[in-house]
Amino acid sequence: MKFTLNIIAILFGLLFTNAQTTFTVEGKVIDFHDKVPLKEAKITIGTLTQISDSKGNFIFKAVPKGNYTLIANHPDCDAVTEDLNVNKDLEITLQLEHHIEEIETITLHGTHKNANSLIVKSLDRSAIDRNSTENLGNILSSISGVGALKSGNNIAKPIIHGLYGSRVPIINNGVKMAEQEWGVEHAPNIDVNQFDHIDVIKGASALKYGSDAIGGVVVLEPHIFKRKDTIQGSANLSGISNGQGIGLGINLLKTWENGWAIKTTGGFKKLGDLKTPDYHLMNTGLQNQSFSFTVQNNTFLQGISFDYSVTDSEIGIYRGSDLGNLEDFYKALTSNIPIYQRDFSYKINNPKQDVQHHIAKISAFKRFENLGKLSFDYNFQYNHRNEYDVRRGELAQIPSLDLELFTNQMNINDFIERQFWSLETGIDLKYQFNYSTPETQARRLVPNYDQYAGGLYSVFKYKLTPKLNAEAGLRYDVAKYEVKKWYDLSDWENLYAEDFSEFYVKTDGNRVFTKPHLTFKNLSFNAGIDYQPSKNLDIKLNYAKVGRTPNVAELFADGLHHSAAIIEVGNMGIKNEDGNQFNLNIDGKLNILDGLRVTVNPYLFVTKNFITEVPTGIQNTIRGVFPVWSYQQIDAKMYGLDVDAQLKLNDYFEYRGNFSYINGEDQTNNQPLIMMVPTNFANSLEFKNEEWKNFYFKVQQQTFLQQKRFPVYNPTINIFENGVEVEKTLDLSTPPPTYTLWSVQTGFNFNKHFSAGLNVTNLFDTNYKDYLNRMRYFSYETGRNIIFNIKYNF
C-alpha cells in the first residue's frame, strides 16, 4: 500500500512539473516609426502560429519551455526575426516597418503620404520615357500652372504660377541645385533620364526646401533600389528630325539582398541647327553629355550613399540675336527674314555657352525608436560657365563671361512620425564662392563674392480627425554676401556713394573699387489643412508668409549678358522680397463613365518689394546693340487659376485636359507685370491596350492665347534710312498672337526587352512666337519635330 502511494505521488509530481514547463507568450505588433498597431500580422514560434487582431494584439497560451526563433510577417513589411528564450510568461512588442512606405519619408511621389496641404503634381517614369530627349523646362510645361522661360528652344527653365529663377529651386536627388540660376538663359544642368519621377510642388509652403521657394519646388527623385540579388539596365536610342540629332541614354544597376547597390548612367545628345517652318536658325546646335554614379548600402534602420554626377553642355546661341548696329536691330525686330542665314550645320560658333556642372554628395541616415529618422547630407557643387561673344582675332577664343561657382551645402534633418502627428526639424548650412576671372577682357557681369547662409526649419503635422489634417511650419534664414565689386565712377557717385560709403575702398581713374558686406534675414511660416470628407473629395488650403533674399544678379549685375543678348543692371539697394500667399486645391471624383477627376487650384500672391527685371533702354556698344534690362523693386499682386480634368471613357480611352490663367499687377506703377504666362489650355485623348503589347496612341492640342495684359517699354532710336536720320520706336512689349500646336505620340513593346516610340511635335509645322522666349524678337519658334526612339531593357 505504501509502495502504491509513492508511485501515485511520483506521477502527480511529474504532472505538476510538466504543467510548469508551458508558458504564455503575448504581445503587440506595431509600426516602427509611427507606432500604429498592425493587424493581420502572422507570428510564428516553432510550429505555433497566431494572427494579430485589429489592435495588433496576439497571444500564445501554451508554449513549451525552450529556445525558439520567432518570425513576424506582414504583407507590407519586411519580416522580423528574433531569438526567444521561453522560461516564463512573456509579454513582447514587435516593431515592423512598412517597406513600401519607407521611401515616402523622403519623396512626395505615389500616395504623397506626407504631402498633407502641399499641392503636388507628378510626372512618372513613363512620361519621362516618352519625352526622353526634352529638357527639364519643356517637359514640365505639360503640368497646369507650369511654363517655361526660354532663350531659344535648347535653353528653358521652369515657371510656376508666374515665378521662376531663384524663386523655383530644383532639388536633384536631395541636392538643391546651385548653378548661377539667377540667369534667365541659365538652363538647369539636368538629364531627366536619370530620375524615376519628377514632383512639382506649387506654392511657397514647402519650407523644408528654403524660404526662396516662393513659386514652388521641382523635386527630381531617382529610382529606389529593391534589396535583391539582380543586375538590370537599359539603353535608349533616339533620332531627332529637327536638328538632325541623336540622343543616347544608358543605365546599369547591380543590387544585392544585403542592401548594397551600384548604379551608373550616361547620356549623350547632339543637335545641329534647328529649323522654323521657313528657315534654319543659324548656330542653334547643341551637344550635351552626362554621367552619374551611385554606390549605397541601405537597410531599414540605417543607410549610407555616395553619389556623383556631371553634365557638360555646349549650346549655340542664335546668331541673329547678336547684332552690330541699330539699323540691323530694328530690321530684325520688324522683318520675318533673318539677317544671318546659312545651310544646315552641326558647327557651333560664337555666340555660345559652354557649361559644366559637377555634384558630389554623401548622405546617411539612422532610425531611432524614439528620436525618429536622423539624416545627414553634404554636397559639393562646381559650376563652370563660359559664354562666348562674337569677337575678332584672338579674343574670339576667349570667353566674354567666365564664372566659376563653388558651393558647399549641409543638411541635418530629423523626422519623427507617430500615429496622429509628425515633426520634421532641420538645419541648412551653405558656403558659396563665385570667381569671375578678369582674363575675359570684358566687364564682369557679376562680381566675385562669398556667401554664407544658414537656415532652421520645423514642420509639424497633426491628424485632427480621420478626415482632417493640419500642419504648420516655421523657418528662419540668414544670408551674408561679402563682395568685391568695381563701379564706374559716375554710377558710384550718382547711385551709391551717399548710402553705402562704408563699402568704398579706392578710386582708380574713372573706376571705383568697393567691398560691400550685406546681410539679409528672413522669417517665413506656413499653415494649412487637408480635409477629406469622403474618398471622392479632397480639399487643401494653405497660407504662407515668405521672405526671399535677393540673388547676386539682382544686387550687382552690371554688363552684357552675352547668351541672353541683353545688358543687365542690378541695384545694391534692393531689399528682402516679402509676400503672403494663399493656395486652395479642390480635388473631386465623379462617377461619370469610368471615372472623372477634376482638380481646381485658385491662388493669390500679394508681395511687397517684389523684384522684377524690365527693359529700360537700348545701348549701342562696341560689341553691338543690346536692350538694357534693369532690376527694380515694386509692390505686386498675382492671382490665378489652374484646372485639371481626367476622364476615363472606357478600358481603352482616356481624356485629359488642363487650363491655366494668371493675372499679375505692378501696383507701384499701376500696370500689368511683365512676362506673365499667357492664358493657355490643353486637351489630349489617349488609346491604350495592354493586350496589344502595351500599344498606346495619344493626340494632344495646346493653345496659348495672346497675352492682353502687358506693360509698355518701347524705347526710341535714331537710324538712317536712305541717308536720312529718322526716329523709330522699338516694340519690345507687344506679345505675339494666339497659336495652337498639335502633337501625337505612339509606341508599343516588341517583347519584354524591346520597346519603341514615336513623338511628333508641332504636327502641322505652325509658324508662331512664344511670349516667354527672349529670342522671339529675332526669330520664330521651331517647326515640326519627329522623334523616334527604341529602348532595350535587360
When you scan the stretch 784-791, do you find a residue that is crowded, with 17+ Cβ neighbours inside 10 Å, β-branched (Val, Ile, Thr), part of a loop (DSSP other than H, G, I, E, B) and touching a residue at least 24 places away in the same chain (Cβ under 8 Å), even just one? no
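Restricting to the stretch 166-183, name every residue that is small (Gly, Ala, Ser) and surrounded by 22 or more Cβ atoms within 10 Å (Cβ to Cβ).
Step one: filter the stretch 166-183 for residues small (Gly, Ala, Ser), giving 166, 174, 178, 183.
Selection gives 166, 178, 183.
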Residue pairs, Cβ under 8 Å, 6 or more apart or interchain, first in the stretch 73-96 and of a type in the set (Lys, Arg), second part of a strand (DSSP E or B). List them. 88/23
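Any chance the stretch 403-412 includes a residue that's charged (D, E, K, R), surrounded by fewer than 19 Cβ atoms within 10 Å (Cβ to Cβ) and assigned by TED's automatic domain parsing to the domain that holds residue 310? Break it down stepwise before answering.
Of all residues in the stretch 403-412, those charged (D, E, K, R) come to 404.
Keeping just the survivors that are surrounded by fewer than 19 Cβ atoms within 10 Å (Cβ to Cβ) gives 404.
So of that shortlist, the ones also assigned by TED's automatic domain parsing to the domain that holds residue 310 come out as 404.
Yes; the residues of the stretch 403-412 include at least one that is charged (D, E, K, R), surrounded by fewer than 19 Cβ atoms within 10 Å (Cβ to Cβ) and assigned by TED's automatic domain parsing to the domain that holds residue 310.
Check whether at least one residue in the stretch 357-371 is surrounded by 19 or more Cβ atoms within 10 Å (Cβ to Cβ), part of a loop (DSSP other than H, G, I, E, B) and not small (Gly, Ala, Ser), and report yes or no.
No.
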Just to be sure I understand, how many residues within the stretch 45-95 are within 28 Å of residue 227 (Cα to Cα), in contact with a Lys or Arg (Cβ under 8 Å, 6 or more places away or on another chain) and of a type in the set (Gly, Ala, Ser)? 3
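In the set 208, 270, which member is farther than 30 Å from residue 364 by Cβ, out of contact with any Cys (no Cβ under 7 Å at 6 or more places or on another chain), of a type in the set (D, E, K, R) and in contact (Cβ under 8 Å) with a residue 60 or more places away in the chain? Quick ask: steps written out before the conclusion?
Working: 208 fails: farther than 30 Å from residue 364 by Cβ.
Every option except 270 fails the conditions.
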Filter result for residue 216 (within 30 Å of residue 118 (Cα to Cα), touching a His at 6+ places or on another chain (Cβ under 9 Å) and small (Gly, Ala, Ser)): yes
Please determine whether any residue of the stretch 357-364 is of a type in the set (S, T, N, Q), touching a strand residue (DSSP E or B) at 6+ places or on another chain (Cβ under 8 Å) and at pLDDT 95 or above. yes
Within 28 Å of residue 413 (Cβ to Cβ), in a strand (DSSP E or B) and under 17 Å from the mean Cα position of the chain (by Cα), is that true of residue 190? no
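Looking only at the stretch 639-649, decide whether some residue is in the same structural domain as residue 550 (by TED's automatic domain parsing) and without any contact (Cβ under 8 Å) to a residue 12 or more places away in the chain.
As a first pass, look at the stretch 639-649 and keep what is in the same structural domain as residue 550 (by TED's automatic domain parsing): 639-649.
Add one more test, that the residue is without any contact (Cβ under 8 Å) to a residue 12 or more places away in the chain, and what stays is none.
No, the stretch 639-649 contains no residue that is in the same structural domain as residue 550 (by TED's automatic domain parsing) and without any contact (Cβ under 8 Å) to a residue 12 or more places away in the chain.
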Scanning the stretch 707-727 residue by residue, those surrounded by 14 or more Cβ atoms within 10 Å (Cβ to Cβ) and under 21 Å from residue 774 (Cα atoms) turn out to be 707, 709, 710, 711, 713, 715, 717
Within the stretch 216-249, how many residues are among the β-branched types (Val, Ile, Thr) and under 29 Å from residue 169 (Cβ atoms)? 4
So residue 682 fits all but one of (1) over 23 Å from residue 660 (Cα atoms); (2) small (Gly, Ala, Ser); (3) in contact (Cβ under 8 Å) with a residue 60 or more places away in the chain; what number is the exception? (1)
Filtering the stretch 1-59 down to residues that are in a loop (DSSP other than H, G, I, E, B) and modelled with pLDDT under 85, which residue is surrounded by the fewest Cβ atoms within 10 Å (Cβ to Cβ)? 1
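Of these, 720, 764, which one is in contact (Cβ under 8 Å) with a residue 60 or more places away in the chain and over 29 Å from the mean Cα position of the chain (by Cα)? Explain how you work it out, then say what you get.
Working: 764 fails: in contact (Cβ under 8 Å) with a residue 60 or more places away in the chain.
After applying the criteria, what remains is 720.
With the requirement that a residue be aliphatic (A, V, I, L, M) and crowded, with 21+ Cβ neighbours inside 10 Å, what does the stretch 443-464 give you?
Quick first cut of the stretch 443-464, residues aliphatic (A, V, I, L, M) only: 445-446, 453, 456, 459, 464.
Residues satisfying the conditions are 445, 446, 459.
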If I go through the stretch 314-335 residue by residue, how many of them are buried (at least 21 other Cβ atoms within 10 Å of the Cβ) and either in a strand (DSSP E or B) or small (Gly, Ala, Ser) (or both)? 5
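Having 1 or more residues that are of a type in the set (Asp, Glu) is the bar; report the strands (runs of 3 or more DSSP E) wholly within the stretch 645-711 that clear it. Walk me through how you get there before you give the answer.
Working: elements: 653-666, 680-689, 695-704.
Where strands (runs of 3 or more DSSP E) fall fully within the stretch 645-711 and carry at least 1 residues being of a type in the set (Asp, Glu), they are 653-666, 680-689.
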Given the criterion of a type outside the set (S, T, N, Q), modelled with pLDDT under 95 and out of contact with any helix residue (DSSP H, G or I) (no Cβ under 6 Å at 6 or more places or on another chain), identify the matching residue among 456, 371, 405. 371
Residues satisfying the stated conditions in the stretch 767-776, i.e. crowded, with 16+ Cβ neighbours inside 10 Å and either in contact (Cβ under 8 Å) with a residue 60 or more places away in the chain or not in a loop (DSSP other than H, G, I, E, B) (or both): 770, 771, 772, 773, 774, 775, 776
Looking at residue 609, is it in a strand (DSSP E or B), within 24 Å of the chain's Cα centre (by Cα) and among the polar types (S, T, N, Q)? no
Being over 28 Å from residue 445 (Cβ atoms), in contact (Cβ under 8 Å) with a residue 40 or more places away in the chain and charged (D, E, K, R), is that true of even one residue in the stretch 591-609? yes
Specify the residue that is surrounded by the fewest Cβ atoms within 10 Å (Cβ to Cβ); the eligible residues are those in the stretch 266-281 that are in a loop (DSSP other than H, G, I, E, B) and out of contact with any strand residue (DSSP E or B) (no Cβ under 6 Å at 6 or more places or on another chain). 278
Are any of the residues in the stretch 580-588 more than 30 Å from residue 656 (Cα to Cα), surrounded by 15 or more Cβ atoms within 10 Å (Cβ to Cβ) and not polar (S, T, N, Q)? no
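Can you confirm whether the stretch 510-518 contains a residue that is of a type in the set (Ser, Thr, Tyr) and closer than 30 Å to residue 118 by Cβ? Walk me through how you get there before you give the answer.
Residues of the stretch 510-518 of a type in the set (Ser, Thr, Tyr): 514.
Still in the running and closer than 30 Å to residue 118 by Cβ: none.
No, there is no match, as no residue in the stretch 510-518 is of a type in the set (Ser, Thr, Tyr) and closer than 30 Å to residue 118 by Cβ.
The values are calculated or read from the model by the stated rules, or taken from the named source; none is laboratory data. Everything quoted here is computed from the prediction, not taken from an experiment. We place every Cβ from the backbone using ideal geometry, glycine too, and count neighbours over all the protein chains shown.
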